[in-house]
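Visitor: Below is one structure. I have some questions about it.
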Amino acid sequence: MKSINVETCKQMIIAACDAIIDSKEYLTEVDSKIGDGDHGIGMSGGMEKAKAALLAKDDLATINDVFKTTGMQMLNSMGGASGVIFGSMFLGGIKDLEPATELDGELFSKIISASVKTIKLRGKAEIGDKTMVDALEPAAAALEKADKDDLTLLMGDAAMAAAGGVEATKDMVAKFGRAKSLMERAIGFQDAGATSVMIIFEAMHRYLQAQE
Amino acid sequence: MKSINVETCKQMIIAACDAIIDSKEYLTEVDSKIGDGDHGIGMSGGMEKAKAALLAKDDLATINDVFKTTGMQMLNSMGGASGVIFGSMFLGGIKDLEPATELDGELFSKIISASVKTIKLRGKAEIGDKTMVDALEPAAAALEKADKDDLTLLMGDAAMAAAGGVEATKDMVAKFGRAKSLMERAIGFQDAGATSVMIIFEAMHRYLQAQE
Amino acid sequence: MKKIINRPETFVKEMCNGIVSAHPEFEFIEKYKIIKKKNIDKNKVSLISGGGSGHEPAHAGFVGRGMLDAAVCGDVFASPSQIQVYQAIKETASDKGTLLIIKNYSGDMMNFKNAAYLAGEDGILVDYIKVDDDIAVQDSLYTVGRRGVAGTVLVHKIAGACAEQGKSLDEVKKVALKAAQNVRSIGFAFSSCTVPAKGTPTFDMGEMEMEYGVGIHGEPGIKREQIATADELALRMVSALLEDLKVDGSSEEEVALLVNGFGSTPLQELYLLNNAVTRELAKKNIKINRTFVGNYMTSIDMMGASVSIMKLDEELAELLSQKCDAPGFKVDG
Amino acid sequence: MKKIINRPETFVKEMCNGIVSAHPEFEFIEKYKIIKKKNIDKNKVSLISGGGSGHEPAHAGFVGRGMLDAAVCGDVFASPSQIQVYQAIKETASDKGTLLIIKNYSGDMMNFKNAAYLAGEDGILVDYIKVDDDIAVQDSLYTVGRRGVAGTVLVHKIAGACAEQGKSLDEVKKVALKAAQNVRSIGFAFSSCTVPAKGTPTFDMGEMEMEYGVGIHGEPGIKREQIATADELALRMVSALLEDLKVDGSSEEEVALLVNGFGSTPLQELYLLNNAVTRELAKKNIKINRTFVGNYMTSIDMMGASVSIMKLDEELAELLSQKCDAPGFKVDG
Ligand SMILES: Nc1ncnc2c1ncn2[C@@H]1O[C@H](COP(=O)(O)OP(=O)(O)O)[C@@H](O)[C@H]1O
Ligand SMILES: Nc1ncnc2c1ncn2[C@@H]1O[C@H](COP(=O)(O)OP(=O)(O)O)[C@@H](O)[C@H]1O
Ligand SMILES: [Mg+2]
Ligand SMILES: [Mg+2]
Ligand SMILES: [Mg+2]
Ligand SMILES: [Mg+2]
């Protein structure tokens, strides 16, 4: 698929919401190892709100609206570190974006790159600090590099890169979040937020594949 | 044996102390079922104090002194229901007693009967209320009935009667102590204080047998 | 056993020392394990309570202005001996006399009463009241009176306020009795507790079980049941308490409410329970004059809680609102 | 999971309602989970704190005269959102401005700072300080600053007393910063905690194990170790705290001491720990100005405790002794 319209974009994001909601227990397990065990609870709560808001709105005119609705719900309902960070994942990418009604590979890559920038500004985490940035930044890089003609394939690249990032977090000590005081003890365990990023990209990829 | 002197009486009581001290865990287990699980702790604590006081005193001139030393230590060091009740077991019997330097069956029976009276006055418990009275009163009755010529045999009768009393407590609901609020749930479990009475008589009996 | 502890043998002594170091207005008479105010006011009735340790902040935490003058600390779950109580009476004797507030357990009753008798022989003016607020067991063939549990805290408060006003021993006793007669409690537990000297829980419970109608010594309750929700517990406890108190919301009576934790239940759950209890009272049209939520009369590290309700008349309400300042219980007027 | 609970989804809301019913001087803004004083004094700096729920009595229990004006309650262990904090700032705005006291966790810092920014856009005078008193992790390559834990309670107290005196926002901020810079904490846990929505403990521990250097969210500490005695723990914690504070007993400096329980550890153990800690300080010749023992900054139902020490100068000591009256923290002058 080369691009998708606003409604399909909305459905794609809803698919991501569903994937996170279905992963509630798993994410909580992951966060229990080296965090405080609530990441799945927080993320699924935020995604339920986001999904409900997307479903309630029949008048989403632009891609920007879809991302904004999602991000605002997360930011305001979730709280926690991930409320701001994942809120910014959706809000940061469209901050300076002209209204768009079609989402293609070019635009998606631009959005995610801008997201990464906002998140790093907000949270100060860099690659290697064992946060969701370790999944999102590689995804953004993969998007930039990818052939922009096929949104589905490109989404697959992003998901793969995110998954690689999750793997990489296992070898890191954490500089942010609850795990930071664990020092070397955090090694061997993946980051919860990075895992969420991976799940989101994988779900969007699966959704697009199903539409082919 | 027809009678024992003050020193032997002291050793007999110390044997009872040792038996309780050795039964600390067992008594605590018994009290855990329907009480607050501290009877063994309290009794062994009191008996250690009593033993130490008996050992420290070389000048115990009378049987009365032996019982008094034991009872006072329990009363003042143990606290709890059993501090008063078991203190009275030793103090109550000699309250109005002429000084004696030999303990025979007649005297022992008199002492224990007076103990029972004091305890019932103090604690208001009667036979059937699932307390140590259910072991001590049958022991007193056995003593009264027994042939007073052999202290050893007579002590055996008392121990048997106390053991029967312990058995009987299993079928009772409690009217005093921590078990009283358990109502019917206390049935099937023996009373902790009654168990202590049995252990004390059995130990004294064993001690006398060993002296034959 | 996982406890912050050195040795079970010295547990109570070390704990008492820790209380007194945190509260320099207290004095610890180590030999008799008495925690008392440093300065005893000879012009007010002295109030003494106590019992086995393991109920912290009870009873030492209730020593303070407008509450107790001394607490006598027994070993864990064992009443102090009569000598300990007798010494406490002597050490805090006032010109107005002394009132002992005793929870209705055999051991406490016998030791405190004997101590009062001994002190009386010395010419000290001393009297006592007993508290038996636990409604778990209906008075019946089997028992001689109910247990004294968390409601005792409110009796301390009322008696303390009355004594603070300089009233006579008779007056203080009278109002303390009234308070005791108008308070009822009922509790439940999700776990037993671990007596330090024993080192293992007094009894075990399944993952879905609770004990209803427990006392404050880790002893089992009147019934083993399936766990229930906060709302279900609140409805059941409030109904039972009001029935026993004969309060039906038809008159203007107010009540005091005490939601008490047993030691290991966090404050968040106690407040949640308070929410449910308060709603039940509101449904029944009963006005709450004042609410206390916290750990007041604990059972070492038991999980669970009790609810106490005291029916107030004007006098009790007024005394309840008097300023009082003890480490474990503060009212700011 | 054995908790006094109805449903995890409504846990925080029901708990907040329970707090407000027990303390009628509070108001609960349910939509934003804000607990605030009913009457905001426009002539003093408003103080706001908060964070995830699960730390009760923190933070709502510290709302009261001489302490906070509002607490913003997030979900369990999740910072409140920026909108919640922003609304709290608006609802309690005073002519003298508002100070936010933030514990140093990513989530709290981001949400509270964003809220301050939003409120600033509205023309509200607002500033913040962060507390990072936990010494479990030495500043290192890996971390951006230490965590904020139980020492925060003393910062609330100091800032509250200063605000109560009518000082300006700058003055209150300055003294709050001084308090934050002079307090250090370290904690250990004998168990993890159970987040209601998760229903099982965050991590498991063996019968003889403890976690040393834990935070207040049930996360593991810096090290899994064999359990130690109260005396060993006290020696180790006091030494580490004093070293970090650079207090060696050679000067006349006094300290404030806070022995804090994590929720399921009974008061008796906290007092016992206080005994050991106090003795260690005395050995090192360090004078304790004031001691607080209790559950102040909990981690739901975690077993364990932390020790916080604040180095006092004259100003801090004077503010610490000011009267303050919040449900979870009272100083009577
Ligand atoms: N400063 C930060 N920058 C980027 N991501 C962060 C930051 N702090 C935390 N995170 C992410 O948030 C995740 C934790 O989220 P969550 O468990 O919901 O919040 P909390 O840590 O408040 O419990 C971490 O796994 C990490 O990926
Ligand atoms: N009123 C009483 N009269 C006689 N014996 C009693 C009375 N109350 C309690 N007891 C005895 O004391 C025993 C319990 O002792 P213990 O466990 O040491 O004290 P506590 O009940 O204070 O924990 C009971 O098993 C019972 O035999
Ligand atoms: Mg988390
Ligand atoms: Mg017992
Ligand atoms: Mg006992
Ligand atoms: Mg969290």
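Visitor: Within the stretch C:95-108, take every residue that is surrounded by fewer than 24 Cβ atoms within 10 Å (Cβ to Cβ) and modelled with pLDDT of 95 or more and give me the one that is farthest from residue C:307 (Cα to Cα).
Guide: Residue satisfying both the conditions and the ranking: C:95.
Visitor: Here is a follow-up. Could you please let me know if residue D:92 is β-branched (Val, Ile, Thr), surrounded by fewer than 24 Cβ atoms within 10 Å (Cβ to Cβ), closer than 25 Å to residue D:325 by Cβ and within 21 Å of the chain's Cα centre (by Cα)? Please lay out each step first, then the result.
Guide: On the way: β-branched (Val, Ile, Thr): yes; surrounded by fewer than 24 Cβ atoms within 10 Å (Cβ to Cβ): yes; closer than 25 Å to residue D:325 by Cβ: yes; within 21 Å of the chain's Cα centre (by Cα): yes.
When the stated conditions are applied, residue D:92 passes them.
Visitor: Still on this structure, I have one more. With the requirement that a residue be out of contact with any strand residue (DSSP E or B) (no Cβ under 9 Å at 6 or more places or on another chain) and surrounded by 23 or more Cβ atoms within 10 Å (Cβ to Cβ), what does the stretch D:63-89 give you?
Guide: Matches in the stretch D:63-89: D:82, D:86.
Visitor: State yes or no: is residue C:248 within 14 Å of chain D (Cβ to nearest Cβ) and charged (D, E, K, R)?
Guide: It is false that residue C:248 is within 14 Å of chain D (Cβ to nearest Cβ) and charged (D, E, K, R).
Visitor: Checking the conditions here, which among C:246, C:223, C:173 is surrounded by fewer than 24 Cβ atoms within 10 Å (Cβ to Cβ) and at positive phi?
Guide: Result of the check over C:246, C:223, C:173: C:246.
Visitor: Please count how many residues of the stretch A:20-53 are touching a helix residue (DSSP H, G or I) at 6+ places or on another chain (Cβ under 7 Å) and buried (at least 20 other Cβ atoms within 10 Å of the Cβ).
Guide: Residues meeting the conditions: 23.
Visitor: Which of the numbered conditions does residue C:279 fail, given that it passes all the others? Conditions: (1) more than 9 Å from chain D (Cβ to nearest Cβ); (2) among the basic types (Lys, Arg); (3) farther than 22 Å from residue B:41 by Cβ.
Guide: Condition not satisfied by residue C:279: (1).
Visitor: Among the residues that make up the stretch A:33-49, is at least one of them at positive phi, within 14 Å of ligand 1 (Cβ to nearest atom) and touching an Asp or Glu at 6+ places or on another chain (Cβ under 6 Å)?
Guide: Yes: the stretch A:33-49 contains one or more residues that are at positive phi, within 14 Å of ligand 1 (Cβ to nearest atom) and touching an Asp or Glu at 6+ places or on another chain (Cβ under 6 Å).
Visitor: Can you tell me how many residues in the stretch D:276-301 are free of Cβ contacts under 8 Å to residues at least 24 places away in the same chain and either under 14 Å from residue C:22 (Cβ atoms) or among the β-branched types (Val, Ile, Thr) (or both)?
Guide: Counting residues in the stretch D:276-301 that are free of Cβ contacts under 8 Å to residues at least 24 places away in the same chain and either under 14 Å from residue C:22 (Cβ atoms) or among the β-branched types (Val, Ile, Thr) (or both) gives 2.
Visitor: In the stretch A:54-70, is there at least one residue being over 18 Å from residue A:115 (Cβ atoms), within 13 Å of another protein chain (Cβ to nearest Cβ) and more than 16 Å from ligand 4 (Cβ to nearest atom)?
Guide: no
Visitor: Also: Facing another protein chain (nearest Cβ under 9 Å) and part of a loop (DSSP other than H, G, I, E, B), is that true of residue C:19?
Guide: no
Visitor: Let me ask you something else. Inside the stretch C:195-247, can you point out the residues that are within 16 Å of ligand 2 (Cβ to nearest atom), farther than 19 Å from residue C:260 by Cα and in contact (Cβ under 8 Å) with a residue 24 or more places away in the chain?
Guide: C:195, C:196, C:197, listed by residue number.
Visitor: List, please: which pairs have Cβ atoms under 8 Å, are six or more places apart or on different chains, and start with a residue in the stretch A:58-82 that is touching a residue at least 60 places away in the same chain (Cβ under 8 Å) and more than 16 Å from residue D:31 (Cα to Cα) and end with one that is of a type in the set (Phe, Trp, Tyr) and away from ligand 4 (no atom under 16 Å from the Cβ)?
Guide: That search, which allows pairs on different chains as well, returns A:81/A:176; A:81/D:105.
Visitor: State whether the residues of the stretch C:252-270 include one that is away from chain D (no Cβ under 13 Å) and surrounded by fewer than 18 Cβ atoms within 10 Å (Cβ to Cβ).
Guide: yes
Visitor: Let me ask something else about it. Please work out which one of (1) modelled with pLDDT of 95 or more; (2) within 14 Å of chain D (Cβ to nearest Cβ) is the condition residue A:159 fails and give its number.
Guide: (2)
Visitor: Can you tell me which of D:98, D:92, D:152 is out of contact with any Leu (no Cβ under 9 Å at 6 or more places or on another chain), polar (S, T, N, Q) and either away from chain A (no Cβ under 11 Å) or free of Cβ contacts under 8 Å to residues at least 40 places away in the same chain (or both)?
Guide: Of D:98, D:92, D:152, the one residue that is out of contact with any Leu (no Cβ under 9 Å at 6 or more places or on another chain), polar (S, T, N, Q) and either away from chain A (no Cβ under 11 Å) or free of Cβ contacts under 8 Å to residues at least 40 places away in the same chain (or both) is D:152.
Visitor: Go through C:106, C:185, C:192 for me and flag whichever is within 14 Å of chain B (Cβ to nearest Cβ) and free of Cβ contacts under 8 Å to residues at least 40 places away in the same chain.
Guide: Details: C:185 fails: free of Cβ contacts under 8 Å to residues at least 40 places away in the same chain; C:192 fails: free of Cβ contacts under 8 Å to residues at least 40 places away in the same chain.
Answer to the check: C:106.
Visitor: Evaluate the following for residue B:94: is it within 10 Å of ligand 2 (Cβ to nearest atom) and under 16 Å from the mean Cα position of the chain (by Cα)? Steps first, answer last, please.
Guide: Details: within 10 Å of ligand 2 (Cβ to nearest atom): no; under 16 Å from the mean Cα position of the chain (by Cα): yes.
No.
Visitor: Which ones in the stretch B:27-71 are away from ligand 2 (no atom under 16 Å from the Cβ) and hydrophobic (A, V, I, L, M, F, W, C)?
Guide: If the condition is that a residue be away from ligand 2 (no atom under 16 Å from the Cβ) and hydrophobic (A, V, I, L, M, F, W, C), then B:52, B:53, B:54, B:55, B:56, B:60, B:61, B:63, B:66, B:67 are the ones that fit.
Matching residues to (1) within 16 Å of ligand 1 (Cβ to nearest atom); (2) within 30 Å of residue B:183 (Cα to Cα); (3) of a type in the set (D, E, K, R):
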| site | (1), (2), (3) |
| --- | --- |
| B:66 | no, no, no |
| B:76 | no, no, no |
| B:82 | no, yes, no |
| B:94 | no, no, no |
| B:121 | no, yes, no |
| B:127 | no, yes, no |
| B:130 | no, yes, yes |
| B:142 | no, yes, no |
| B:145 | no, no, yes |
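Visitor: Inside the stretch C:298-333, can you point out the residues that are within 8 Å of another protein chain (Cβ to nearest Cβ) and among the hydrophobic types (A, V, I, L, M, F, W, C)?
Guide: Of everything in the stretch C:298-333, those that are within 8 Å of another protein chain (Cβ to nearest Cβ) and among the hydrophobic types (A, V, I, L, M, F, W, C) turn out to be C:300, C:303, C:305.
Visitor: For the stretch A:78-88, indicate whether the set of residues that are assigned to a helix (DSSP H, G or I) and either more than 22 Å from residue A:191 (Cβ to Cβ) or away from chain D (no Cβ under 12 Å) (or both) is non-empty.
Guide: No; the residues of the stretch A:78-88 include none that is assigned to a helix (DSSP H, G or I) and either more than 22 Å from residue A:191 (Cβ to Cβ) or away from chain D (no Cβ under 12 Å) (or both).
Visitor: Further question: Restricting to helices (runs of 4 or more DSSP H) lying wholly in the stretch B:115-212: which have 1 or more residues that are out of contact with any Phe, Trp or Tyr (no Cβ under 7 Å at 6 or more places or on another chain), of a type outside the set (Gly, Ala, Ser) and without any contact (Cβ under 8 Å) to a residue 12 or more places away in the chain?
Guide: Answer list for the stretch B:115-212: B:151-169.
Visitor: Tell me which residues, restricted to the stretch C:27-86, are among the polar types (S, T, N, Q), more than 14 Å from chain B (Cβ to nearest Cβ) and within 19 Å of the chain's Cα centre (by Cα).
Guide: Within the stretch C:27-86, C:46, C:49 meet the criteria.
Visitor: Just a yes or no: is a residue in the stretch D:74-92 more than 16 Å from ligand 6 (Cβ to nearest atom), in a loop (DSSP other than H, G, I, E, B) and not aromatic (Phe, Trp, Tyr)?
Guide: There is at least one residue in the stretch D:74-92 that is more than 16 Å from ligand 6 (Cβ to nearest atom), in a loop (DSSP other than H, G, I, E, B) and not aromatic (Phe, Trp, Tyr).
Visitor: I would also like to ask the following. May I ask you to list the residues in the stretch B:193-212 that are more than 15 Å from ligand 2 (Cβ to nearest atom) and either basic (Lys, Arg) or within 13 Å of another protein chain (Cβ to nearest Cβ) (or both)?
Guide: The answer is B:206, and nothing else.
Visitor: Still on this structure, please answer the following. Is at least one residue of the stretch B:174-192 within 14 Å of chain C (Cβ to nearest Cβ), in contact with a His (Cβ under 7 Å, 6 or more places away or on another chain) and at pLDDT 95 or above?
Guide: Checked the stretch B:174-192: at least one residue is within 14 Å of chain C (Cβ to nearest Cβ), in contact with a His (Cβ under 7 Å, 6 or more places away or on another chain) and at pLDDT 95 or above.
The values are calculated or read from the model by the stated rules, or taken from the named source; none is laboratory data. Since this is a predicted model, take the numbers as computed values, not measurements. Backbone-built Cβ (ideal geometry, glycine too); neighbour counts: all protein chains shown.
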